[in-house]
1. Could you list Leu42, Leu36 in order of exposure, starting from the residue whose Cβ has the fewest other Cβ atoms within 10 Å?
2. Along the Cα-to-Cβ line of Ala73, 7 Å from the Cα, sits a label point; which residues in region 80-101 have backbone N less than 18 Å from it?
3. Can you sort Trp100, Trp35 so the residue with the fewest Cβ neighbours within 10 Å comes first?
4. So how do Val98, Val54, Val59 line up by other beta-carbon neighbours within 10 Å, fewest first?
5. Using the Karplus equation 6.51 cos²θ - 1.76 cosθ + 1.60 (θ = phi - 60°), what ³J(HN,Hα) coupling, rounded to whole Hz, does each residue of region 72-88 give in order, writing x for Gly and Pro?
Amino acid sequence: MRAARQAKHELLAAAQGGKLATPSKITIEALPDQWLNSKQRLARKTRDDYARHVRLHIVPLLGAMRLHELTPAKLSAFYSELSKQGKGTPTQQKVHVVLWCCTAR
């Protein structure tokens, strides 16, 4: 759980520092496809794992939100919801990696 908390704090700090969101009509749901399509050298299993985390965890909770609406409070609520759903530290870390990669452009 310690690693998940650290990952959450890193993402929240990036959001507070203005490194995540720029005003746009792009939704969180659209970002993973763009990011995955730009990664030509990902192994198939890795790509499938990332897509699964997007489909099961990110899109249901954040997908309709526009990128510029992603705030530290909403990220905190997102991670809290994952915990409430019983998602363990390894899952939260993987979801964090995918969300971070998709938004840190």
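Derivation of every value follows stated rules applied to the coordinates shown; laboratory data play no part. All values reported here derive from a predicted model rather than from experimental measurement. Cβ: placed from backbone, ideal geometry, glycine included. Neighbour counts: every protein chain shown.
1. So the residues, fewest neighbours to most, are Leu42, Leu36.
2. 80-81
3. Neighbour counts put them in this order, fewest first: Trp100, Trp35.
4. The order, fewest Cβ neighbours first, is Val59, Val98, Val54.
5. Result, rounded to whole Hz: x, 5, 5, 5, 4, 5, 4, 5, 5, 5, 4, 5, 4, 7, x, 6, x.
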